[in-house]
Amino acid sequence: MTADRLRAAGLRSKLAGPFDLTLARGACLSVTGPSGAGKSLLLRMLADLDPSEGEFWLDGQARHDIPAPQWRRRVVYCPAESGWWDEHVAAHFPGPTLAAARALAQHVGLADGLLDGPVLRLSTGERQRLALIRALVLDPPVLLLDEPTGALDQDSTALVEAVLRDRLTAGTAIVMVTHSAEQANRLAQQHFRMAARPLAPA
Amino acid sequence: MTPILLSPGDIAIAASLLVLDGAISVLLRLDLHRQLAIAGLRLVVQLVLVGYLLRAVFALASPWVTLGVVCCMVAIAGREVAARPEQRLGRLGNYAVGAGAVAVATLLTVVLALTTAIRPHPWFDPHYAIPLVGIVLGSVLNGGSLALDSMLGGVVRERAAIEAQLTLGVPFRQAIRGLVRASVRRALLPIVNQMSAAGIITLPGIMTGQILAGMDPLEAAKYQILLIFLLSGGAALAAVAVVTLAAARLTDDRQRLRLDRLTAKRGPRTH
């Protein structure tokens, strides 16, 4: 039996849920809905950043069988507002990931010198793409993206979507919160529309 | 040389300076004379009471009474450490962290001093143990409260940076390393200042006291040096204990950042 890439059953916290979802390898699930419906909370629970009840599995392995840092290293969450822990951009790409980051930066339309400069000089859109690259260089089996192109113009959005499509082809599963129905249709095969609380098929 | 003992008359002469303070307050309309009078009275009553209390405790020379006094002092200092930060850990976490850190840091420092450098007989002799605990507590209180304030304030301010690391699979300990370092550093700066300024800008209190009590200045200096080293150790131990205990309460078995356990202090503290 081939296990699903990501599966969640009865996933809930005090603030959101319960959620049930199943993603195969290379599948993309779009999550839409009004602000405050709990879209980001779902992603945070899947990354095991917020306490939750219920269970979820990565490639058939339950979360409690995987140490938390390893789980998050493989089910990587990119929040809408990225955080930076060093003043230099390059410090966020340890060791060999810096070279991979340079290649990806070109693909998503980022200027060459950005990786060698300070974080403070980045625009919102540049930060957003660099935070995505930070996740991509880890080559995780699952990506949890919170409005990955929210701060980007049309051209940059197309470039980012092309990179994401490559990952999907390579087997990565993506859960993507988006406000754009077009983007949901372009990338995702599964769609969830979140109403007040529970996750229901659109 | 024996110490020059003070008579009530000597104190009364010094108290005339407080009257001068009051006169200045009235003349310049500072509106401080009431507060000056109350504070001056409190000073006299508090210190005389402490003097009587210590005299009684010294006379008893009982290890249990000494321990009781030390425990009270530690509990009060722990409460002060807990009260400083704007942020509160849930379930009385600030008090647990404050009291735990103060107790560990003070105990280790004072026991080290009493069993090695000072060595009274018996080692828990209240003549030595209680003043020593008092002076170490001052430093422990300072270091502990600065570290806790820096840690709890910083973890809220740097939430995005800490969680960004967690999302990439960095263990919690590593994700808060920068904050831990900054908090301990902040706690140690006052003692560094104290050491570098000692003797040049101010004559430290202990040394002044010992010289007035008739001790040779060089002997008094040695005492002061020993004590400031103890203070530096106390401050560092308190800071490390505070950040360790606070960090444990800010995370859980899945190495999450649990800011839901923090609440902001409601309004200004009323006395």
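The values are calculated or read from the model by the stated rules, or taken from the named source; none is laboratory data. Remember, it's a predicted structure, so these values are computed and weren't measured experimentally. Cβ sites come from the backbone with ideal geometry, for glycine too, and all protein chains shown count toward neighbours. For accessibility, only protein heavy atoms count, side chains too; no ligands or nucleic acids. Shrake-Rupley method; radii C 1.70, N 1.55, O 1.52, S 1.80 Å.
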* Structure fact -> For chain B, the per residue accessible area (1.4 Å probe, Å²) is 59
* Taking amide H positions as placed 1.01 Å from N in the peptide plane, with prolines and chain starts having none, which residues 5 or more places from A:C28, or on another chain, fall under 5 Å of its amide H? -> A:I174, A:Q189, A:Q190
* FRET efficiency for A:S123 and A:A158, Cβ-Cβ distance as r, R0 = 22 Å, nearest 0.05? -> 0.75
* Work out the length of the dipole vector of chain A about its Cα centre, built from +1 on the beta-carbon of each Lys and Arg and -1 on the beta-carbon of each Asp and Glu, and round it to the nearest 20 debye. => 400
* A:L15 versus B:A264, label points 7 Å from Cα toward the beta carbon: distance in nm? -> 1.6
* Asked: According to a simple spin-label model (label point 7 Å from Cα along Cα-to-Cβ), what is the distance in nm between B:A83 and B:A37?
  -> 2.6
* Structure fact -> Over the Cα atoms of the protein assembly as shown the radius of gyration and the largest Cα-Cα distance (Dmax), both in Å, equal 30.6, 97
* **Principal axis box of region B:133-262, alpha-carbon based, largest edge first, Å** => 63, 24, 19
* Can you give the average number of partner chain beta-carbon atoms within 10 Å of each beta-carbon in peptide A:39-49, as a whole number? -> 2
* Structure fact -> Expressed as a whole-number percentage, the relative contact order of chain B with C-alpha contacts under 8 angstrom and at least six residues apart is 25
* Ignore the peptide's own chain and count Cβ atoms of other chains within 10 Å of each Cβ in B:155-167; give me the average, rounded. => 5
* What percentage of all Cα-Cα pairs in chain B are separated by more than 33 Å? -> 36
* Structure fact -> Here the Kirkwood hydrodynamic radius of region B:1-126, Cα-based and in Å, equals 18.6
* To do: Just name one of B:L41, B:L179, B:T208: the one whose Cα is farthest towards the positive end of the charge dipole of chain B (beta-carbon charges, Lys/Arg +1, Asp/Glu -1).
  => B:L179
* DSSP-assigned coil residues among trypsin sites (Lys or Arg not before Pro) in region B:1-92, each with at most 14 further Cβ atoms within 10 Å -> B:R29, B:R91
* Structure fact -> Protection proxy (average C-beta count within 10 Å per residue), highest first, orders A:125-132, A:79-86 as A:125-132, A:79-86
* Asked: Amide H neighbours of A:Y77 under 5 Å, counting only residues 5+ apart in sequence or on other chains, H built in-plane at 1.01 Å?
  -> A:L144
* Debye intensity ratio I(q)/I(0), log10, region A:108-166, q values 0.17, 0.18, 0.27 Å⁻¹ (C-alpha model) -> -0.56, -0.63, -1.31
* Asked: Could you give the dipole magnitude of chain B about its Cα centre, charging the beta-carbon of Lys and Arg +1 and that of Asp and Glu -1, in debye to the nearest 20?
  -> 1100
* Asked: Over the Cα atoms of region B:1-60, Rg to Rh with Kirkwood Rh, two decimal places?
  -> 1.14
* Treating the Cα atoms of chain A as identical point scatterers in vacuum, please give the log10 of the normalised Debye intensity I(q)/I(0) at q = 0.09, 0.11, 0.14, 0.17 Å⁻¹, two decimals. => -0.32, -0.49, -0.80, -1.17
* Apply the membrane-span-like helix rule to chain B: whole DSSP H runs, Cα extent along the own long axis of at least 27 Å, mean Kyte-Doolittle hydropathy at least -1.0. List the helices found. => B:8-27, B:33-60, B:63-83, B:93-115, B:126-157, B:177-197, B:217-249
* What percentage of the solvent-accessible surface of region B:19-126, computed with a 1.4 Å probe over protein heavy atoms, is contributed by carbon and sulfur atoms? -> 72
